[in-house]
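The values are calculated or read from the model by the stated rules, or taken from the named source; none is laboratory data. A quick note: this is a predicted structure, and the numbers were derived from the prediction, not measured. A quick note on method: Cβ atoms are made from the backbone with ideal geometry, for glycine too, and the neighbour counts reach across all protein chains shown.
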Amino acid sequence: MKNKQNLLYVLISLLLFVVIALVYCAPVLSGKAVIQPDIINYKGSAQEMLTYQDKTNENVYWSDAMFGGMPTYQTGAKYNFDVIKSIDGIFRFLPRPADYIFLLFTGFFILGITVFKKWKYALVGAIFFAFGSYYFELIAAGHNGKLHTIGYFAPLIAGILLLYRKKYIAGFVLTTLFMGLQLQANHIQMTFYLFLAMLVFAIVQFIDSLKKKELPDFLKSSALTIAAVLIAVGLNANRLLSTYEYSKETTRGKSEMTLLKKNSNGLDHDYITQWSYGKLETLNLFIPNLMGGGSQTNPDDLKNYTSELQNTQYSLGEDEFNQQVFQAVASQSKSAYWGDQPGTSGPAYQGAVVVFLFIIGAFMVRGQYSTYKKWLVGATILSFVLAWGKNLPFITNLFIDYFPMYDKFRAVSSILVIAEFTMPFLAILTLYYFFNSDETEEFKKKVLYIAGGSTVGLLILFYLFGGMLFPFASGDEKLMTEQLIGQIQQANPNAVGLWDGLMKRLDEALILDRIDMFKADTLRTLIFVLLTLALLLAYQFKFIKKPAIVVLAIGALALIDGYTVNKRYLNEDNFVSSYIVDNPFPTELSTRLETEATNNNNVAQIAYKVPMNKLLSEISKQDQSHFRVYNTAVSTFNEAGTSYFVPSVGGYHAAKLGKYQDVVDVYFLQDERLKQYGIKDEKGLINVLNMLNTKYIIHGNPTEPKVQQNPTALGSAWLASNIKWTENANDEILAINSIDVNNTVILRKDLVSNSNLKSVADSTAKINLVEYSPMKMTYKSSSKSDQIAVFSEVYYPHGWTATVDGKEVPVEKANYVLRAVPVSKGNHTIVLEFKPQVISTGNTIVIISNIILLLVVAGGVYLGYKKCKEEKDLTLAE
């Protein structure tokens, strides 16, 4: 009877998660969808792949849409025999983004049931975890893969904990299944951070097993965990093997070109740590607006600054110079955010209730749960320390330089996902321990008085004196003010005194706004802490006698806390007509688009680019040949809208091919350091554009774009009559600046398959592309002498094959970033085809792993059923 009742409450809890997710995302029920900038870019980058997949009904693993061509492994590729992806669909049955919110709830609920075996704690723990603000900011930005991966953190850990509690059957099944699901979500950085958290767990567990003389049990559990992970890897072998192969060729892999790079084995230190959390900023896990919230601030929160800006304008009179300076000042977008990051969607607020209970738990939890507490506190501290990045350079540099794979990921601030899991876990563990342990009442009261009182006292101190304790201004803002005064000094020295005073008043007004926001949220946090503390003390003093009332009431507080803060970052304004979300690259300004653009900045950006889209669409329709576009009217290497219509020199992706990024760094970004190597003008850039077959260049801006045809683009392929031999990567990339790319091909002596290659000039030689698809290109060539055929296709050392008249020949790396094939005299048919062996190998492993998964699940069900039957028979016999 009790089991049936618990099952009923479990079902009710799951239904509640559905309701909460749908209520939060209510606009999806009326035909709207959340508009996500990153997903807009994804749709642009994936359009060619999707078009050819629909056309051929085959998976496409290479696309020419961005950066001259790249594998689609990280831009939405589909894989065969993907059973684990089908299982994922069972958990994500709700409309997006409600499906991700439901996954966060359900995943932690599974962990709660596993650890506590009581639905109340599982339910409240799920609320603690799922309403972390970072997750809702991820939805708003469109970082779906990251959130999808995080959603499987908790149930995976549930399986691992079962294994170390000697529940080997259930633990092995859950670990295999949810590890497979997490890897399927395909955000390796988040999985790597979870590995760091579990590494702390393993160390703590190992020490504990030594103390208890249970090392064999630890080793057995560890072996089973590794076995489960290996099966999960096998379930995702095609996507993981291809990603691993690809990663070695990206900016996260080793680079031979050292003209600009500081770290030849991975990402540069500065790039990795660009988004580093401030040490003080860490407190915004507890007080959301400590640092002013997100970079984009609601104008209503800047009332003092706006008022002072108006007063400044009125005080300047009609003086033309001062009015010009004022317009420059007024046009600057001011933000309440004053933290250390270049920008942020919002704080990693975990909840006042959660953080408070975490603090209580750090002092209260002991005994049989002390191992969990040490792990959770240790992993939380590790998360904080690593998130500080460049603000704690000694530790950060140690990890970047010596810890495997750490230098492959950027934005170290995102490692706070560890704390965003460990803090809710310890918070709910604290509640469970408070009501279910054998601790004395005196000890519990002592902890509540000391830890609770200290927390309340600190918040009161912040509220009363925070304006004096913290600067509420960033160094960058001070630098910008100094630069403005310097410009005024040069243009009109007599106005310096006036503007120095005016800028100080404006800065002071902005600081007042920040202090107001800080005090409001400090008071808010204080109220939630006092209410939580009051509920716990009410139980201690017998004013409330049922633990369930306190637990559920605290859960309700956490729900209100998280819900209201998260609405600051993901709310009704983020939802627009699903038609606009499904069609983010319109070529006409419809009434619907125009109306919604007035209320939503992301839609306004879509509407803003309509003229650009129309121009690109016309180019695509009028010119059916194969070419690329260099779009300078937008941020070329930070947008994928161009790729939706035509193949682009630019694009948007966090892991571009390393060789291509080298070319961008050297010839597109015009770094001053390169002048010492002779790169002083645009000759090298023009050579790059020509050899990438850049037929059209877009100038102007998105509202008034202008197209210029490039008459010197070299076409899809050409025959080179001269060879420029180079010794190393630096020489190879610099040679692009000096050669005649139309007649000379650059080859590396140490990389070419045949050092005796030669090419003889032939004015009649020609080569043409006769058939194109992303994974197969066919050319016809004719010449009276041996030639080197150079293709305006990006070189990738894995999977590309070349045949001349059906006979396979080597694909050479040419001009640092292109492909080349030696062609003998005469008439020939040349075929370049992408046939990645890694996909075939991966598919074979996936098939085997799917069978193993089936056997594991079936075996687990059978053994579980057998055990239950034996226990039932034993009970009846008694």
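Output the residues belonging to the range 17-35 that are within 17 Å of LEU104 (Cβ to Cβ) and either surrounded by 16 or more Cβ atoms within 10 Å (Cβ to Cβ) or basic (Lys, Arg) (or both).
PHE17, VAL18, ILE20, ALA21, LEU22, TYR24, CYS25, VAL28, VAL34, listed by residue number.
Scan the range 436-455 and report the pairs whose first residue is in contact (Cβ under 8 Å) with a residue 40 or more places away in the chain and whose second residue is exposed (fewer than 12 other Cβ atoms within 10 Å of the Cβ), with Cβ atoms within less than 7 Å and a gap of 6+ or a chain change.
SER437/GLY367
Could you look through the range 707-724, keep only residues that are touching a residue at least 12 places away in the same chain (Cβ under 8 Å) and loosely packed, with under 14 Cβ neighbours inside 10 Å, and pick out the one that is farthest from the chain's Cα centre (by Cα)?
Only one residue tops the list, namely THR712.
Those residues that are closer than 20 Å to PRO71 by Cβ and touching a strand residue (DSSP E or B) at 6+ places or on another chain (Cβ under 7 Å), I need them from the range 822-845; list them, please.
Answer for the range 822-845, where residues must be closer than 20 Å to PRO71 by Cβ and touching a strand residue (DSSP E or B) at 6+ places or on another chain (Cβ under 7 Å): VAL831, LEU832, GLU833, PHE834, LYS835.
Tally up the residues in the range 763-801 that are surrounded by fewer than 21 Cβ atoms within 10 Å (Cβ to Cβ) and more than 39 Å from the chain's Cα centre (by Cα), please.
Going through the range 763-801 one residue at a time, the tally reaches 10.
Rundown of residues vs (1) surrounded by 21 or more Cβ atoms within 10 Å (Cβ to Cβ); (2) in contact with a Lys or Arg (Cβ under 8 Å, 6 or more places away or on another chain); (3) in contact (Cβ under 8 Å) with a residue 12 or more places away in the chain, yes/no style:
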residue	(1), (2), (3)
PHE321	no, no, yes
GLN327	no, no, no
GLY343	no, no, yes
LEU357	yes, no, yes
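From the list ASP671, ASP681, pick out the single residue that is surrounded by fewer than 18 Cβ atoms within 10 Å (Cβ to Cβ), outside the structural domain of VAL745 (by TED's automatic domain parsing), closer than 25 Å to LYS408 by Cβ and acidic (Asp, Glu).
Being surrounded by fewer than 18 Cβ atoms within 10 Å (Cβ to Cβ), outside the structural domain of VAL745 (by TED's automatic domain parsing), closer than 25 Å to LYS408 by Cβ and acidic (Asp, Glu) holds for just one of ASP671, ASP681, which is ASP671.
Name the helices (runs of 4 or more DSSP H) wholly inside the range 406-473 in which the number of residues that are closer than 24 Å to LYS519 by Cβ is 2 or more.
453-469
Kindly evaluate LEU259 against the criterion of being buried (at least 16 other Cβ atoms within 10 Å of the Cβ), over 24 Å from the mean Cα position of the chain (by Cα), at negative phi and of a type outside the set (D, E, K, R).
It is true that LEU259 is buried (at least 16 other Cβ atoms within 10 Å of the Cβ), over 24 Å from the mean Cα position of the chain (by Cα), at negative phi and of a type outside the set (D, E, K, R).
Quick check on LEU8: is it surrounded by fewer than 17 Cβ atoms within 10 Å (Cβ to Cβ), more than 30 Å from PHE575 (Cα to Cα) and not aromatic (Phe, Trp, Tyr)?
yes
When residues of the range 540-588 are filtered for being of a type outside the set (Ser, Thr, Tyr), within 28 Å of THR703 (Cβ to Cβ) and in a loop (DSSP other than H, G, I, E, B), how many remain?
So the answer is 5.
What pairs come up if the first residue lies in the range 193-212 and is of a type in the set (Asp, Glu), the second is part of a helix (DSSP H, G or I), and their beta carbons are under 9 Å apart, counting only those six or more places apart or on different chains?
Taking only residues 6 or more apart or on different chains, the pairs are ASP208/PHE218; ASP208/SER370; ASP208/THR371; ASP208/LYS374.
Any residue that is under 30 Å from the mean Cα position of the chain (by Cα), buried (at least 19 other Cβ atoms within 10 Å of the Cβ), in a strand (DSSP E or B) and not assigned by TED's automatic domain parsing to the domain that holds ASN815 - is there at least one of those in the range 688-698?
yes
Give me the residue from the range 176-202 that is out of contact with any Gly (no Cβ under 9 Å at 6 or more places or on another chain) and not hydrophobic (A, V, I, L, M, F, W, C) and, out of that set, surrounded by the most Cβ atoms within 10 Å (Cβ to Cβ).
Among those residues, the one meeting the criterion is TYR193.
In the range 540-575, which residue that is touching a residue at least 12 places away in the same chain (Cβ under 8 Å) and small (Gly, Ala, Ser) is surrounded by the most Cβ atoms within 10 Å (Cβ to Cβ)?
Applying the filter and picking the extreme gives ALA558.
Considering only the range 215-259, how many residues are touching a helix residue (DSSP H, G or I) at 6+ places or on another chain (Cβ under 8 Å), at pLDDT 95 or above and β-branched (Val, Ile, Thr)?
Qualifying residue count, the range 215-259: 4.
Please determine, by comparing only the residues of the range 300-310 that are of a type outside the set (Ser, Thr, Tyr) and without any contact (Cβ under 8 Å) to a residue 40 or more places away in the chain, which one is farthest from ILE287 (Cα to Cα).
Out of the qualifying residues, it is GLN310.
Which condition from (1) surrounded by 14 or more Cβ atoms within 10 Å (Cβ to Cβ); (2) touching a residue at least 40 places away in the same chain (Cβ under 8 Å) is the one that VAL804 breaks?
Just one mismatch for VAL804, condition (2).
Condition test on GLY457, is it among the small types (Gly, Ala, Ser), at pLDDT 90 or above and surrounded by fewer than 14 Cβ atoms within 10 Å (Cβ to Cβ)?
So GLY457 fits the description; yes.
May I ask you to verify whether PRO347 is surrounded by fewer than 18 Cβ atoms within 10 Å (Cβ to Cβ), assigned to a loop (DSSP other than H, G, I, E, B) and touching a residue at least 24 places away in the same chain (Cβ under 8 Å)?
Criteria not met by PRO347.
Suppose we filter SER307, SER276 for residues that are of a type in the set (Gly, Ala, Ser) and assigned to a loop (DSSP other than H, G, I, E, B); which single one remains?
SER276 is the lone residue from the list that is of a type in the set (Gly, Ala, Ser) and assigned to a loop (DSSP other than H, G, I, E, B).
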